[in-house]
Amino acid sequence: MLPRRRFLQALAAAMLSSLGLLVGLPLGYRRLRARYSAPYRTVRGDKLVYLPMPRLRGVVSLEEALANRRSIREYTDEPITIEELAQLLWAAQGVSETRHGFRTSPSAGATYPLEVYVVAAPKGVLTGDGFLEPGSYRYLPHSHALVQVRKGDDLVERLYHAALEQEWVREAPVNLIFAAVYERTTRRYGARGIRYVHIEVGHAGQNVYLQAAALGLATVAIGAFHDDEVRKVVGTPEEENPLYIMPVARPRWRYQLNPNDLARYIEGHRS
Ligand SMILES: Cc1cc2nc3c(=O)[nH]c(=O)nc-3n(C[C@H](O)[C@H](O)[C@H](O)COP(=O)(O)O)c2cc1C
């Protein structure tokens with residue numbers, strides 16, 4: 001039992017802090033909403049979406065994300081949230097160093113040849129006050145924002161055809177598309193730069209896989225598609241070469257590695 005004085009002090013502190021919460025939270029929340037979740041603002045003619053700040057702490061360890069990462073192609077029809085999308089984009093190519101603007105994925109000579117696009121299905125991404133307008137968007141790493149490239153309810157369907165009718169593209173609420181400008185890297189490294197660009201898209205793709213695993217989302221890296229068709233659907237400039245499509249969705253099943261199975265497997269492969 002608390003002595004009476006300490007009890008009264010604790011009660012007063014609790015009342016003050018709830019008052020602070022009552023007054024402070026809505027103010028803070030309003031400021032956050034104004035900054036991050038107003039879905040569109042037009043800046044110099046561009047339709048911009050400022051994304052929620054990336055979270056730098058999660059509840060799933062790196063080892064768990066590695067163990068439970070799988071290519072998953074069966075999805076529910078639920079949307080993902082703008083926070084989840086923001087986190088995936090940050091994992092793919094977001095800024096993680098503020099002196100030079102270096103990113104979450106390593107890049108040869110920090111030449112950053114990769115561009116990331118989002119194709120959002122109708123009602124695919126929940127925002128603070130509705131859904132992200134269906135269409136394609138380019139990710140801007142430095143302002144952690146999306147700029148709309150194309151509008152359209154049919155882009156996902158068209159992307160599905162461009163990707164050789166792989167059902168998981170059509171069923172996902174969003175698809176991320178990685179495209180590369182080889183010139184940014186070959187300018188410095190000559191022909192070897194092409195190799196570097198392909199290595200880099202692997203890094204970025206794995207970041208998306210691991211972030212998706214950590215968020216309980218499903219994804220799969222897709223390399224089989226018609227480049228020109230994908231370019232047309234997404235609206236990328238001629239010099240950008242699509243390398244990966246990654247649908248992201250809520251999974252119909254989850255993969256979980258059983259540690260005993262793993263130990264048995266490893267033992268079984270020892271002579
Ligand atoms: C370069 C590359 C291209 C791929 N292309 C496709 C694809 O077009 N369609 C697909 O369903 N999966 C594709 N995958 C996913 C592989 O099928 C998958 O990684 C593999 O079956 C191993 O399964 P896991 O990712 O669950 O470990 C691709 C993977 C890589 C690395």
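Residue check: is residue 245 part of a helix (DSSP H, G or I) and surrounded by 13 or more Cβ atoms within 10 Å (Cβ to Cβ)?
Numbers: part of a helix (DSSP H, G or I): no; surrounded by 13 or more Cβ atoms within 10 Å (Cβ to Cβ): yes.
Against the criterion (part of a helix (DSSP H, G or I) and surrounded by 13 or more Cβ atoms within 10 Å (Cβ to Cβ)), residue 245 does not qualify.
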Of all residues in segment 80-117, count the ones that are closer than 19 Å to residue 213 by Cβ and touching a residue at least 40 places away in the same chain (Cβ under 8 Å). 16
For segment 55-109, which positions are touching a Lys or Arg at 6+ places or on another chain (Cβ under 8 Å), outside any loop (DSSP other than H, G, I, E, B) and within 16 Å of the ligand (Cβ to nearest atom)? 68, 75
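Matching residues to (1) in contact (Cβ under 8 Å) with a residue 60 or more places away in the chain; (2) over 30 Å from residue 76 (Cβ atoms); (3) assigned by TED's automatic domain parsing to the domain that holds residue 119; (4) in contact with a Phe, Trp or Tyr (Cβ under 9 Å, 6 or more places away or on another chain):
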site	(1), (2), (3), (4)
182	yes, yes, yes, no
189	yes, yes, yes, yes
197	yes, yes, yes, yes
222	no, no, yes, yes
226	yes, no, yes, no
241	yes, yes, yes, yes
245	yes, no, yes, yes
255	yes, no, no, no
269	no, yes, no, no
Scan (1) within 19 Å of residue 77 (Cα to Cα); (2) among the β-branched types (Val, Ile, Thr); (3) not assigned by TED's automatic domain parsing to the domain that holds residue 132 for the single condition residue 174 breaks and write down its number. (3)
Does residue 252 count as within 16 Å of the ligand (Cβ to nearest atom) and of a type in the set (Lys, Arg)? yes
Are there any pairs with C-beta distances below 9 angstrom linking a residue in segment 61-77 that is outside the structural domain of residue 212 (by TED's automatic domain parsing) to a residue that is within 13 Å of the ligand (Cβ to nearest atom), with the two at least 6 apart or on different chains, and if so which? none
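The values are calculated or read from the model by the stated rules, or taken from the named source; none is laboratory data. As the structure is a computational prediction, the values presented were derived from the model and not from experiment. We place every Cβ from the backbone using ideal geometry, glycine too, and count neighbours over all the protein chains shown.
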